[in-house]
1. Among residues belonging to region 53-85 that are of a type in the set (Ser, Thr, Tyr) and modelled with pLDDT of 95 or more, point out the one that is nearest to ligand 1 (Cβ to nearest atom).
2. Can you confirm whether region 30-38 contains a residue that is within 11 Å of ligand 1 (Cβ to nearest atom) and charged (D, E, K, R)?
3. Evaluate the following for Val462: is it in contact with a Leu (Cβ under 9 Å, 6 or more places away or on another chain), in a loop (DSSP other than H, G, I, E, B) and surrounded by fewer than 22 Cβ atoms within 10 Å (Cβ to Cβ)?
4. For region 251-269: of the residues being part of a loop (DSSP other than H, G, I, E, B) and within 10 Å of ligand 2 (Cβ to nearest atom), which is farthest from Lys344 (Cα to Cα)?
5. With the checklist (1) within 30 Å of Asn53 (Cβ to Cβ); (2) within 16 Å of ligand 2 (Cβ to nearest atom) in hand, flag the one item Pro406 doesn't pass.
6. In this structure, is Tyr407 modelled with pLDDT of 95 or more, surrounded by 13 or more Cβ atoms within 10 Å (Cβ to Cβ), within 20 Å of Pro275 (Cβ to Cβ) and of a type in the set (Ser, Thr, Tyr)?
7. All but one of (1) within 19 Å of the chain's Cα centre (by Cα); (2) crowded, with 17+ Cβ neighbours inside 10 Å; (3) part of a loop (DSSP other than H, G, I, E, B) hold for Pro60; state the number of the condition that does not hold.
8. When you go through Arg72, Arg43, Arg85 one by one, which is the residue that is charged (D, E, K, R), closer than 30 Å to Tyr291 by Cβ and more than 16 Å from ligand 2 (Cβ to nearest atom)?
Amino acid sequence: MITDTIKKICCIGAGYVGGPTMAVIAQKCPDIEVTVVDINARRIEAWNDDDLNKLPIYEPGLKEVVAEARGRNLFFSTDIEKGIREAEMIFISVNTPTKTYGKGKGMAADLVYVERCARQIAEVAKEDKIIVEKSTLPVRTAQAIKSILDDAGNGVRYQILSNPEFLSEGTAINDLHNADRVLIGGDGSTVEGQAAMDALTKIYERWMPREKILQTNVWSSELSKLIANAFLAQRVSSINAVSALCEKTGANVEEVAKAVGADKRIGDKFLKASPGFGGSCFKKDILNLVYICRSLNLDEVADYWEQVIMINDYQKHRFTDKIISTMYDTVTDKKITFFGWAFKKDTNDTRESAAIYVADKLLEDKANIHVYDPKVSETQIFKDIFDLDTRPHEETKKALKVSKNPYEAADKAHAIAILTEWDEFKTYDWQRIYENMQKPAFLFDGRNIVDARELKDTGFKVYQIGK
Ligand code: NAD
Ligand code: UDX
């Protein structure tokens, strides 16, 4: 029997979405027991660490929420079967990366992890359950999940809901507390389907105004998530395309963004020029959208969205080319310091960060790179470059260094490139940095965060995006 009063939730996947999302549900619903399970024992161990600074994810406000709920009604465990067996509602929050093999390689979402979850649920479950797709999935995935579950043949009945997550990393806790909307897709044409949607609605209603909780059919919900990310990424690519035009014409991209964004119909968000968007979602979800459109013979629609990715790649190359051409067309044996490696500020996540691609290109041109990032570990930075598989590891180890101190990282550098907009970069003693650099001292501000006029007065040769 599917009940509308949920007492036990299990979430499969303790990552950037599963961890914070479940922590907030547990915080807001102290009477619901929330267990987050994962196959990655190290990750679970880190979630359970007494030292809250060792949580696997850095996210402002997260450790306070975990401190409040963990051990009370929030649990992290590797016992996936127990989690599944005991829960009335199961969230699937596993990764859905771009396929790296076979059909749809480089484009389609790899659903292997999602399918494994569905099969494990089918194997273990003894009582009726509500299954919630939290992962971002191609439209109509719910059908596949339902078919796997229904064919288990053990009489257990399932309701499949789509409840995509819209949080942004770096602001996840605030986004979860004050979401613009919560989307719940389900089968409203049946009593059981509606009951399942209402059960999930009731959970979010604990802290979200009812009018912000949207109930739709499953396919609209699945598709809305892909489209929301495509629209956001499209804005970044639009402003980045404009930044190239600004540099050729003497216009200033920040002034243009302000003037254009002042129009209420356009709005001022997501108009910051950058060295290209990164993160685990935008590229993957647009590639998936393009793949779906092509599979449905909608080539014109696919081409339209594909341009968003093409402009993003162009922007990453453009930033790198600017560094090389400004430094007299050679960076061989020159020390270039990277301030920032994460794909945006306030996160330790580096997936698809522009920094990785800019570094790789500069290494190709035989530059020496020293990285400083306040939250990303040395191991992660090397892993990101090794994963590209562009050169022998030994070669990378000679040319790439990571420092825990920004002044040390910039010591005797020929240039500094700002790749992430960490606030602390604005408050550095830039005079001191300048004095210890090689001259001319170049500064490539990929995020337009420093005061260019002041730094030019200090002596820096400053390049900013779109100016
Ligand atoms: P992640 O890689 O951080 O976490 C996924 C976790 O799932 C991993 O810890 C992995 O070990 C675990 N996992 C995989 N298969 C499993 C299985 N069979 N059983 C148990 N655990 C398993 O990924 P993420 O960033 O949290 O993203 C998860 C989903 O949410 C993706 O579909 C993503 O597109 C979507 N999403 C992500 C964000 C974001 O900001 N990261 C935002 C919205 C939506
Ligand atoms: C994104 C969506 O915003 C979120 O709703 C969804 O759930 C997951 O994907 P996220 O990738 O965490 O979130 O961060 P976001 O703030 O969207 O930034 C993505 C990338 O775009 C970052 O590299 C960021 O630096 C870049 N960006 C963003 C810009 O370059 N300019 C902008 O104006 C905004």
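The values are calculated or read from the model by the stated rules, or taken from the named source; none is laboratory data. As the structure is a prediction and not an experimental result, all values here were calculated from the model. Cβ coordinates were reconstructed from backbone atoms using ideal geometry, including for glycine residues, and neighbour counts include every protein chain displayed.
1. Selected residue: Thr78.
2. yes
3. Here the answer is no, as Val462 does not meet what is asked.
4. Going through the qualifying residues, I end up with Asp268.
5. If we test Pro406 against (1) within 30 Å of Asn53 (Cβ to Cβ); (2) within 16 Å of ligand 2 (Cβ to nearest atom), just (2) comes out false.
6. Answer is no for this residue.
7. (2)
8. Only one candidate passes the filter, namely Arg43.
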